[in-house]
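What follows is one structure encoded as structure tokens, with my remarks underneath.
The values are calculated or read from the model by the stated rules, or taken from the named source; none is laboratory data. Nothing here was measured: the structure is a model prediction, and the numbers come from that model. A quick note on method: Cβ atoms are made from the backbone with ideal geometry, for glycine too, and the neighbour counts reach across all protein chains shown.
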Amino acid sequence: AQSKPYYSDYSPTRLLIHKMCTSQYLDLFITIVIGLNVITMSMEHYEQPQELDNALKICNYIFTLIFVLESVFKLVAFGFRRFFKDKLVFKP
């Protein structure tokens, strides 16, 4: 007997969020955002212009918002226990 998937009882909205969170496109998007975040963090330098400082601060807020939204969506999609469950098993 096959057991049904853990997400079979989800509401349509939660199923949509789950589908988005398990998509390879979200992983690609987050990878690109991480790369852009690293680039913007590396642009900071001594005696930088005020305009650059303001732009980097805004970029930091945007990246933080994206990462928080990703984690909230994944918490909704997978649930608290499944979100924090460690899938890696280390054997000595």
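Can you tell me which residue is surrounded by the most Cβ atoms within 10 Å (Cβ to Cβ) among those in segment 22-63 that are of a type in the set (S, T, N, Q) and closer than 22 Å to residue 78 by Cα?
Taking the candidates together, the pick is 22.
Kindly indicate whether residue 26 is closer than 30 Å to residue 5 by Cα and either modelled with pLDDT under 95 or within 10 Å of the chain's Cα centre (by Cα) (or both).
Judged against the criteria, residue 26 is a match.
Sort out for me the helices (runs of 4 or more DSSP H) sitting completely within the chain that have 1 or more residues that are hydroxyl-bearing (Ser, Thr, Tyr).
12-21, 24-42, 50-78
Are any residues in segment 1-23 farther than 19 Å from residue 82 by Cβ and at pLDDT 95 or above, and if so, which ones?
Residue satisfying the conditions is 12 alone.
Considering segment 1-21 alone, what residues qualify as being basic (Lys, Arg) and surrounded by fewer than 11 Cβ atoms within 10 Å (Cβ to Cβ)?
4 - this is the single residue of segment 1-21 that is basic (Lys, Arg) and surrounded by fewer than 11 Cβ atoms within 10 Å (Cβ to Cβ).
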